[in-house]
1. Using 0.36 nm per residue, how much length does the chain from Arg25 to Ala63 gain when fully extended, once their Cα-Cα distance is taken away?
2. Any idea what angle helix 2-19 forms with the longest principal axis of the chain, computed on alpha-carbon atoms, 0 to 90 degrees, nearest 10?
3. Taking the mean number of other Cβ atoms within 10 Å as a proxy for protection, how do you rank 107-116, 196-205 from highest to lowest?
4. Within region 128-145, what residues put their amide N at less than 13 Å from the label point 7 Å along the Cα-to-Cβ vector of Ala179?
5. Kindly write out, for region 117-125 in residue order, the coupling ³J(HN,Hα) from the Karplus curve 6.51 cos²θ - 1.76 cosθ + 1.60 (θ = phi - 60°), rounded to whole Hz, with x marking Gly and Pro.
6. Report the FRET efficiency, 1/(1 + (r/R0)^6), for Lys278 and Ser56, where r is their Cβ-Cβ distance and R0 is 35 Å, rounded to 0.05.
7. Suppose only helical runs count, i.e. DSSP H with n ≥ 4. What mean residue ellipticity at 222 nm does that imply for the chain under -39500 (n - 2.57) per run, divided by all residues and rounded to the nearest 500 deg cm²/dmol?
8. Could you work out the Kirkwood radius for region 90-161, taking every pair of different alpha carbons, averaging 1/r and inverting it, reported in Å?
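Quick note: the coordinates plus some simple rules give every number you see, no bench work behind them. Since this is a predicted model, take the numbers as computed values, not measurements. Counting neighbours? That spans all protein chains shown, and the Cβs are built from the backbone with ideal geometry, glycine included.
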Amino acid sequence: MRLLIVGMVLVLAQGLAAAQPCVTRSKHGGDSVRDGKLVDGKLVFCTWGTKDICWSMDPATRAFTPIATFPKPETKYSEEVDPTGRAKATQTGVEFCPTKDRCQSYKYKFKFRGTLWVAINDEGTLGAVTYEGDSMKHEPTWVMLYDLVKKKQIKRVDGARPDVFATTFLVYDTFYTAAGKKLGTLPEKLVTRWDAGPVRIPRSNLMAAANKFRAQLTIVDTATAKITQTIDLPLKTEEGTSVDAYQLVPSADGAQLHVVASAPFPGEVITIDPATGKQLARSAPPLCK
């Protein structure tokens, strides 16, 4: 009888252990990471592929806690309203609202119907609209850049969806100033290999992006268009191939950049000081036994 009870306890313990969320070391980077963000000071993200598990990590203690799985957002093919709700684009014009009671509108006119993307910087001083044509019909893609302080359109360029920073725009590989002048160009070979980013580092002019063919970060000063750091990450798989899926999540004060990687341990978080490139911490969710 005693042996039977002991056996039942062991089976129950094994069942409970198996039920605890965990991640499996990946030789090929088969799993991916998604939807990294800060929620109430905690780093939240999901690992998905062989398993779909969402996690919350406390940056102070590096403790991982499984949380309720939230669905993967649908792929966006347009963004007619800025995520902050301060900008809205239509087929004929755009409205920017740096504050709720201070809006400004601009008109444009094209001979074809475009896919729209709109953006405004955190400061509410610069904005941009992409009017994307159908490449199958050989229609161009236009990017309109706006100075919201001087309340005018400053430039229209042929290009891709822009990133809008404190004092500059990045259109594909080229930086433009708030006056619409070309500031500098990043290597095209580098830009085409970005897997995650560019992500703006708060309270600074820095941005970060991750290379999808190497476990490598690039830090760029958006005010000067200069690369300030190239950081090799210790994220090789067992077969020597590099990680090819990331989430980049900066802290609210800009002092830390959390790099969430898909391999060798799905959901492993390496925390970097973006100003110096120094690795501050490294941790991963519980590993499956």
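1. Values: separation 38, 0.36 × 38 = 13.68 nm, distance 1.86 nm.
Taking Arg25 through Ala63 to full extension adds about 11.8 nm, to one decimal.
2. Roughly 10 degrees between the two axes.
3. Values: 107-116: 12.7, 196-205: 18.3.
My ranking of the peptides, most packed first, is 196-205, 107-116.
4. The answer is none.
5. 9, 10, 8, 9, 6, 4, 6, x, 9
6. On the way: r = 25 Å, r/R0 = 0.71.
It comes to 0.90.
7. Numbers: 2 runs with 22 residues, N = 289.
It comes out at -2500 deg cm²/dmol, rounded to the nearest 500.
8. On the way: mean 1/r = 0.0792 Å⁻¹.
Taking the inverse mean of 1/r over all distinct Cα pairs, region 90-161 comes out at 12.6 Å.
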